[in-house]
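Read-outs: derived from the displayed coordinates by stated rules, not from any lab. Computed from a predicted model, the values in this text were never measured in an experiment. Positions of Cβ are backbone-derived with ideal geometry, glycine not excepted, and every protein chain shown enters the neighbour counts.
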Amino acid sequence: MSAATPTSPAPAPAAPDPFPHRRRTTRRAAALLLGCALALTGSLTAQSPAFADSSATSGKSAGQGKDTFTAGILKDPDSLNPFTGITAESYEMWHVSYDLLMGWSEKDFSPVPGLATSWEEAGDGKSWTYKIREGVKWSDGKPLTARDAAYTFNRILGGDYEQSNYGNYTANITKAEAPDDTTLVLHVKRSTPIMKQLWVPILPEHIWSEIDAKEVKSFSNEPKDGPVVSSGPFKLVDRKKGQFISFEANKDYWAGAPKIDRLVFKVYDNADAMALALKRGEIDYAYDLESSVFSSLEDAKGVSTRSATSINFDQIAFNNGAALADGTPIGDGHPALRDKRVRKALSLAIDRETLVERVLGGHGSPGDTVIPPIYEELHYAPGADAQKFDLEAAGRLLDEAGWKMGADGVRAKGGKKLELRLLTRQESKQSKDTGEFAKSWYARIGVPVTIKVVSEDTLVETVGQGNFDMMEWGWGVEPDPDYMLSVFTCDKRSYKEDGTVYAELSDSFYCNPEYDRLYQLQATQTDTAERAATVKQMQKLLYDDAAYAVTYYYDDLSAYRSDRWTGFTPQPAPDGPYLFQMGSYSYRSLRPVPAQAAASSGDSPTVLYLGGGLAALLLLGVGGTVIARRRGAKSADERE
């Protein structure tokens, strides 16, 4: 995804992104999206003198008297080009530097105005009209108008490479027009709800029109190529790969200038090094922590930890029968996995409660369906039909499917043993730990498993070619469910080009005509309640067919210097993450703690835990200034 979303590894120039919204893991997924390097040994990424010169450290920039907020990350953005990047970190860079037509509220992800102040569907359902706010300027001073928005959408519609990240949002759009500077009209094939949640960053026509279809694939969109022109709350000013990305505040931002002057993302080799940097005050925020590192920071002076509700899930995906989108079989998956009774047995053999406690350190909740419970109106909860840990029931299903236990403790059918392969990700300790637990449970039902730990790039290629039985990964799910749901449609299976098989979105090769019918239906339902009912039907189909075994919804674990910074905005309120959101809320609202308040607290906030430890009030001021913080329930962000 994110990972999971989402998450372009495919070598074909025009290949669509595999797993683009895997947030955290890639969306992801996000991007999909590629996993963070979480090895617990190693050293801090070496920083060149250029870093100190251009980015400084947290707090006041050296000799500049500017407030600089520095966030530590474990993966360098794969690209700052909005048509190329696929990782969660890349999406975060775009959130702070570009605007969308509309955004998602910090309260509950509902649509809110962005560059568009309003939007309206035509009576015949054939077009949408967006009113573009006046007076907005690009960072080079040129006016931003509806013509830039029309250019952006038309470029995606007319391109192949450009559709990789945005094809799902524009598939229903036939053309974009700008009758004047403040009016954008998007013509559509049919009425669809996604027109209110278009994740498409608006780009400056006067810059990108000079970059042709061939050049765009290699265009870095970095300061080394010239000033990066954007419209968001921050302007990209410097980047050194593998070390840092530096932004300056856009003091003329239409929604109000950020309260900080500079924003820096500093890249670390591992979580331990990042945590140490946070304790030393070299950074102000540590993102995407493993539970063990998170726990080590809970009593650190001047540091607060946050276990926040997220939009992510991890899963063990089964090879449902690898094939191309046209149904041509590919790969070497075990044929037993084409039987949903076998897949369901393997799902029943996973102790999700144990995974939450032992792999996540309690920072999460057992998984079930592919739309996380953070989206209450859309999430399908199986209830009495839940696939709970039950080895005896799993064994009965395997017996029913004809896989009988042999004298050697291994199940077999027709002389073929039920021996499976499981791919896990070398970049993720959680992935490897989950695989080992699954292997032990599967052995108890007579299904020996061989685990192969591979890089995520290798995993993408291997899965796309259908050469696997099971794989562990995860997705970050956006507020609109369309993208996540599209992953399981028949036409998102792999495709062949010039004799080579490439990955598309599907990582399970699930294909069900009834599911596809429901997918097309939800894409046309503008009534919220009706669409939610259809989305739940689709999740039930996936769950009953055991396309995946969703293992858990994991919390977004982070830590920050609460003795220095306040004003974070959670999304959704009150338990969501502070950073890596669907927007740039915290980056615009955070501000330094007044020096008097920090001094009075001994550089460490007083914390009062209320409500069984779920709520905490950080007393940050002599005059009684109070900032509320709640430990989030478990759920996203890769991706993504």
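Please give me the summed charge of the neighbours of Ala150: other residues whose Cβ is under 12 Å from its Cβ, Lys and Arg +1, Asp and Glu -1.
Every neighbour counted, the sum reads -2.
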Worksheet, complete the sentence: With a Förster distance of 56 angstrom and the Cβ-Cβ distance between Ala213 and Glu400, calculated FRET efficiency to the nearest 0.05 equals 0.55
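Let me make sure I get this right: for the stretch 367-486, a, b and c are the square roots of the gyration tensor eigenvalues over alpha carbons, sorted descending. Under 1.5 in a/c it's rounded, otherwise prolate if a/b > b/c, else oblate. Which is it? Display every interim value, and only then the final one.
Details: a/c = 2.17, a/b = 1.35, b/c = 1.61.
Oblate is the answer for the stretch 367-486, as a/c is 1.5 or above yet b/c matches or exceeds a/b.
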Worksheet item: Using r as the Cβ-Cβ distance of Ser295 and Asp332, and R0 as 45 Å, what FRET efficiency do you calculate, to the nearest 0.05?
Response: 0.65
Worksheet item: Scattering from the C-alpha atoms of the stretch 438-512 alone, worked out with Debye: what is log10 I(q)/I(0) at q = 0.16, 0.19, 0.28 1/Å?
Response: -0.73, -0.93, -1.26
Fill in: Qualifying trypsin sites (Lys or Arg not before Pro) for the stretch 335-417 [loop in DSSP, other Cβ within 10 Å: at most 16]
Lys388
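Please work out the FRET efficiency for the pair Arg591 and Thr129, using the Cβ-Cβ distance as r and a Förster radius of 30 Å; give the result to the nearest 0.05.
Working: r = 37 Å, r/R0 = 1.25.
About 0.20, to the nearest 0.05.
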Worksheet item: Stretch Ala533-Thr458 to full length: gain in nm at 0.36 nm per residue minus the Cα-Cα span?
Response: 23.3 nm
Worksheet item: Between their Cα atoms, which of Lys452/Lys496; Lys417/Lys439; Lys340/Lys452; Lys344/Lys439 are more than 18 Å away from each other?
Response: Lys452/Lys496; Lys340/Lys452
Worksheet entry | Built amide H within the under 5 Å cut-off of Trp565, gap 5+ | Val593
Worksheet item: Under a straight-distance cross-link criterion of Cα-Cα below 17 Å, which aspartates and glutamates are reachable from Lys235, leaving out those fewer than 8 residues away in the same chain?
Response: Asp67, Glu89, Glu92, Asp99, Asp140, Glu222, Asp225, Glu248, Asp252, Asp261
Fill in: Linear extension gain, Gln520 paired with Glu419, 0.36 nm per residue minus alpha-carbon span
32.7 nm
Practice prompt. At 7 Å along the Cα-to-beta-carbon direction for both Asp498 and Arg280, put a label point, then send me their distance in nm to one decimal.
Written response: 4.7 nm
Fill in: Thr183 long-range amide H proximity, modeled H, under 5 Å
Ile132, Ala146
Worksheet entry | Of Lys189/Lys492; Lys66/Lys301; Lys126/Lys217; Lys259/Lys279; Lys137/Lys492, those spanning more than 27 Å from alpha-carbon to alpha-carbon | Lys126/Lys217; Lys137/Lys492
Worksheet entry | Extension gain, Lys107 back to Arg190 (0.36 nm per residue minus Cα-Cα distance, nm) | 26.9 nm
